[in-house]
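Sharing a structure, written as structure tokens. Questions coming.
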Amino acid sequence: MENKIEIGKVFSEGFANGMKNLPSLLGALVLWILTIWIPYVNVGTTIAICTLPILMSKGVIFSPLDIFSKKYYRYMGEFFLTTALKGIGTWIAFIFMVIPGIVISIAWSMAIYLVLDKGLNAAEALRVSNKITYGNKWMLFAINLLLGVAVLICFAIFSIVPFIKWLLILCLVVAYVAISLGCSASIYGTLSKDVEDQN
């Protein structure tokens, strides 16, 4: 059964999820930034950050300290392989006049989540991601475009406000990250409903 994305639902769930998880998200992102320069630790924390939309899609309130859990290291090989295949495939598609690159990047946008949540291997995750995004690519493109335009408009407005400009911009960035992850959680939750768990 093909699951359809609804733009209103994605934005309302994205906002609600993002704001509900804001303290945890901030804590996790700060810890990730502080540890990104530490070899090997940075792999586990980066994989953990990528799982945040998966947890949010299931309604899980996570602890920022969870990003240091050893369980994330078991995904290291598939994480890097999926990221490499996705990156190379998208780059090659971009050579063909940009539009195929955009289509492929949307088609494979759920692959990392499928690896981390469903235990799929890299090739299977890319295949299933392409399958579950089929029929939703225009909507996914529109959601990303609207988020980007909204942020640019807010940046333009905040940049003319004197004195507290940088504080407002920082708040905007934090809100954007939270809402963006919330939207990703909503999209993944909808599209992955019929994908069997391989774990």
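The values are calculated or read from the model by the stated rules, or taken from the named source; none is laboratory data. All figures in this text were calculated on a predicted structure; none of them were measured in a lab. Here Cβ is always computed from backbone atoms with ideal geometry, including for glycine, and neighbour counts include all displayed protein chains.
Of (1) free of Cβ contacts under 8 Å to residues at least 40 places away in the same chain; (2) within 17 Å of the chain's Cα centre (by Cα), Leu168 satisfies all except one. Which?
Among (1) free of Cβ contacts under 8 Å to residues at least 40 places away in the same chain; (2) within 17 Å of the chain's Cα centre (by Cα), the lone unmet condition for Leu168 is (2).
The rows are residues; the columns are (1) under 24 Å from Ile143 (Cα atoms); (2) β-branched (Val, Ile, Thr).
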| site | (1), (2) |
| --- | --- |
| Lys9 | yes, no |
| Lys20 | yes, no |
| Pro39 | no, no |
| Gly44 | no, no |
| Ser57 | yes, no |
| Tyr73 | no, no |
| Phe79 | no, no |
| Ile106 | yes, yes |
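Quick check: is even one residue across the stretch 53-66 within 16 Å of the chain's Cα centre (by Cα), farther than 18 Å from Ala125 by Cα and of a type in the set (Lys, Arg)?
Yes, because at least one residue in the stretch 53-66 is within 16 Å of the chain's Cα centre (by Cα), farther than 18 Å from Ala125 by Cα and of a type in the set (Lys, Arg).
Which residue pairs have Cβ atoms under 6 Å apart, sit 6 or more places apart or on different chains, and have a first residue in the stretch 118-129 that is without any contact (Cβ under 8 Å) to a residue 60 or more places away in the chain and closer than 17 Å to Asp194 by Cβ and a second that is of a type in the set (S, T, N, Q) and outside any loop (DSSP other than H, G, I, E, B)?
Ala125/Thr82
Got a sec? Which of Ile38, Ile95, Ile49 is closer than 20 Å to Ser192 by Cβ, of a type in the set (Val, Ile, Thr) and either loosely packed, with under 12 Cβ neighbours inside 10 Å or without any contact (Cβ under 8 Å) to a residue 24 or more places away in the chain (or both)?
Ile49
I've got another one for you. Across the stretch 110-120, which residue is nearest to Ala84 (Cα to Cα) among those that are at pLDDT below 95 and outside any helix (DSSP H, G or I)?
Result: Leu120.
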